[in-house]
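This report concerns only the one structure given below.
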Amino acid sequence: MKLTIIGTGYVGLVTGTCFAEAGHHVICVDKDAGKIKLLQAGGMPIYEPGLKELVDVNVAAGRLSFSNSTQEGVEKSDVIFIAVPTPAQMDGSVDLSFIEAVSREIAGAMTSYKIVVDKSTVPVKTGDKVAETIKRYCKAKVEFDVVSNPEFLREGFAVGDFMRPDRVVVGVRSQRPVAAMKEIYAPYNAPIIVTDINSAELIKHAANSFLALKISYINAISVICEASGANVQEVANGMGMDTRIGRKFLDASLGFGGSCFPKDLSAFIQISDQLGYNFGLLKEVQRINAEQMERFVKKIIETLWVLKNKTIGVLGLAFKQNTDDVRMSPAIDLCLRLQKEGAVLRVHDPRAMEKAKSVLKEVVFVDDMNEVAEGCDALVIATEWPEFKRLDLERVRKALTHPILFDGRNLFDVEEMERLGFIYKSIGR
Ligand code: UGA
């Protein structure tokens, strides 16, 4: 099928590329001329494992192209996907101005029947607004359908998640676009849930909030573990083997971050309020998450006492493994808090150092993870990169002024670290 994806960020670029890989003809459109130029020249604006290779193959095969022109994208395709940002506003509500602007642009360019699919995460009832807007601004007065098709991609695993989805959700107002949507997703062999638009939009917010709840739940359990001498990983393993619960998203940490969970939680709380329901449970999820970071910082201060002029090494800046994304990263938050206490930082991330440079000032960026600890009073692990499990621990211990390691991601075995001579402080163990 002929598809256009408007918005070439983490979601749009993966979506467009994976559609092309399945045999569709895809145009990825973005307003950012620099980004489109970079993509046309064979460059990549983001790091996502496996994506560059797929882009190259599909561009070479003539199935994937990039453009600045929404007009061109709309003219040449049957189905237009919206994958633009829906950032949080100061009060936690969602800024839908990009969605509104793109809806107007699509409407202005339509001269025949189109299916307009929203992939961006939006508040329930946004589909109605998109439909109203397109109707109002479509001069040619042609027919169209609006569809909600939320994405469930995890950064760092997005290509795999797209190619092997647990399910595909398609929210519609009429049956007309259903056959096309099923055809688009047929190559992925996933169950397709066809529902109404409001339910589809809610599925996304409800799913992300539930996953965030799972993390806050295990983080709360980690506090009880620390107070009682239990081990949160043992508890998570024991709980997770119950198939009704599942082991995934039960890794205690210094808190969740990223461009999705914090924003979607705030948005969902706001939306619920507007609909007359005080979603106190989700407010507690937010509170536990904020508290988890406070506890971790407190642990560092209690151990090192005064942080002023102490040198601390920080491993990990991205909000999670396998990405260069530092938006709402707990690791960056931690760095800023340590700096506020007067600590001097030596930092490393396998992929996110470039992006971190715009938000972290006056830190030493170290290229080799094994060199971060040189002359440090303590080392902190802030992101769950698997690479960090391969640290040369003997070298790290010798390089540290004092062998103190704070692990915000529980990457190492407690007994083994103590045997190696570390004062090792992790989460809930
Ligand atoms: C999340 C969802 O997992 C995706 O399904 C969804 O499509 C996406 O948001 C979105 O709305 O676009 P993402 O934000 O990329 O994906 O990352 P996750 O893997 O969910 O991790 C989020 C945060 O939770 C990270 O900071 C991670 O370190 C933390 N986390 C995750 C934990 O602290 N413990 C866990 O057990 C799992």
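The values are calculated or read from the model by the stated rules, or taken from the named source; none is laboratory data. No experiment lies behind these values; they were computed from the predicted model shown. No Cβ is skipped: glycine too gets one built from the backbone with ideal geometry, and neighbour counts run over all protein chains shown. We work out accessible area using only protein heavy atoms, side chains counted, and drop any ligands, DNA or RNA first. Shrake-Rupley method; radii C 1.70, N 1.55, O 1.52, S 1.80 Å.
Computed values, structure above
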item: Which listed residue is over 28 Å from ILE404 (Cβ atoms) and open to solvent by 30 Å² or more (accessible area, probe 1.4 Å), from LEU282, LEU275, LEU336, LEU265; result: LEU275
item: Test set (1) at positive phi; (2) more than 15 Å from the ligand (Cβ to nearest atom) - GLU226 fails condition number; result: (1)
item: Residue in the stretch 253-271 that is of a type in the set (A, V, I, L, M) and within 20 Å of GLU384 (Cα to Cα) present; result: yes
item: Which listed residue is away from the ligand (no atom under 16 Å from the Cβ), buried (at least 22 other Cβ atoms within 10 Å of the Cβ) and of a type outside the set (D, E, K, R), from VAL178, VAL142, VAL124, VAL146; result: VAL146
item: The stretch 232-255, subset more than 13 Å from the ligand (Cβ to nearest atom) and part of a loop (DSSP other than H, G, I, E, B), residue surrounded by the fewest Cβ atoms within 10 Å (Cβ to Cβ); result: ARG244
item: Qualifying residue in the stretch 145-167 (condition: more than 27 Å from PHE261 (Cα to Cα), more than 23 Å from the chain's Cα centre (by Cα), in the same structural domain as VAL14 (by TED's automatic domain parsing) and in contact (Cβ under 8 Å) with a residue 12 or more places away in the chain); result: yes
item: Check on PRO85, touching a residue at least 40 places away in the same chain (Cβ under 8 Å), in contact with a helix residue (DSSP H, G or I) (Cβ under 7 Å, 6 or more places away or on another chain) and open to solvent by 40 Å² or more (accessible area, probe 1.4 Å); result: yes
item: Any hit, the stretch 210-218, residues being exposed (fewer than 15 other Cβ atoms within 10 Å of the Cβ) and either over 20 Å from SER93 (Cα atoms) or within 16 Å of the ligand (Cβ to nearest atom) (or both); result: yes
item: Filter result (in a loop (DSSP other than H, G, I, E, B) and either near the ligand (Cβ under 10 Å from one of its atoms) or polar (S, T, N, Q) (or both)) within the stretch 149-164; result: ASN149, PRO150, GLU151, PHE152, LEU153, ARG154, GLU155, GLY156, PHE157
item: In the stretch 3-46, the residues that are touching a residue at least 12 places away in the same chain (Cβ under 8 Å) and part of a loop (DSSP other than H, G, I, E, B); result: GLY7, THR8, GLY9, ALA22, GLY23, HIS24, ASP30, LYS31, ASP32, GLY42, PRO45, ILE46
